[in-house]
Amino acid sequence: MSAAMALAGLRVLGWGGRAAALCRGLRSGPPRLQDAAGAAAKETEKQSATEQSSLILQRNSMRWDGKVYEEVPVAHIKATYNNTHIQVVSFDNQPFSRTSCGTEGFQNAKKGTAIAAQTAAMAAAVKARGKGVLHVRVMVKGLGPGRKAAIKGLTMGGLEIISITDNSPVPHNGCRPRKARRV
């Protein structure tokens, strides 16, 4: 009876249901909700892990001409302001073809045009096709006018492009610029 009277006294003082829970040694509601949320999170983690493993298996099962992504040949495009170089190599860097706008007959300022880059890329693609290359990954470096035109030339030459990666060098505020021009 004394415990009941103490409980009643705590209720009068404003402790309410918290005192009853403390006296009985019961757990309140929110920790149970946290436990339920934690169990649900663990189940979703298990499901997402199985989904991720199935996605990894799907990605590994993707093949082009029987080759996984890492073994597909690479087309390197270096687009400068004055010229565009295209080289198609195997995954272990054995060259299939190499061309540039200059080797295709363009001279002086015409080497830096998009038409020259497209022509050079078509020539590189035809040479690579002659050696059995059908699919390529493209790595582009530089900011010249022949970037997009060279990619288009590779497709026009008969190569199927799997991925395009930009490898342009970006300075992290490297060289000091020239002094400002005063007029």
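Computed from backbone phi, the HN-Hα couplings of the range 148-157 come to 5, 5, 5, 5, 5, x, 5, 5, 5, x Hz, rounded to whole numbers (Karplus: 6.51 cos²θ - 1.76 cosθ + 1.60, θ = phi - 60°; Gly and Pro given as x).
Remark on residue 160: its backbone amide H falls under 5 Å from those of 135, 136, a criterion applied only to residues 5 or more positions apart or on other chains, H modelled at 1.01 Å from N. Each label was represented as a point 7 Å from its Cα along the Cα-to-Cβ direction; for residue 129 and residue 166 these points are 2.9 nm apart.
A 1.4 Å probe run over the range 61-108, with the rest of the protein chains in place, finds 60 Å² accessible per residue. Proximity of backbone amide H atoms, modeled 1.01 Å from N, is registered between residue 144 and 79, 80 at under 5 Å, excluding neighbours fewer than 5 places apart on the same chain. Our coupling estimate for the range 107-112, obtained by passing each phi through the Karplus curve with A = 6.51, B = -1.76, C = 1.60 and θ = phi - 60°, is 10, 6, 6, 5, 5, x Hz, Gly and Pro reported as x. Select from the range 52-151 those trypsin sites (Lys or Arg not before Pro) which occupy a DSSP coil region and have at most 15 other Cβ atoms within 10 Å, ordered by residue number. Within the range 52-151, the qualifying trypsin sites (Lys or Arg not before Pro) (loop, at most 15 other Cβ atoms within 10 Å) are 63, 131.
Solvent-accessible area assigned to carbon and sulfur over the range 58-183 amounts to 52 percent, based on a 1.4 Å probe. Once the Cα-Cα distance is subtracted from the 0.36 nm per residue extended length, the residue 109 to residue 81 segment shows a gain of 9.1 nm.
The values are calculated or read from the model by the stated rules, or taken from the named source; none is laboratory data. Computed from a predicted model, the values in this text were never measured in an experiment. Neighbour counts run over all protein chains shown; Cβ positions are idealised from the backbone, glycine included. Protein only, heavy atoms only, side chains kept; ligands, DNA and RNA dropped before computing areas. Shrake-Rupley method; radii C 1.70, N 1.55, O 1.52, S 1.80 Å.
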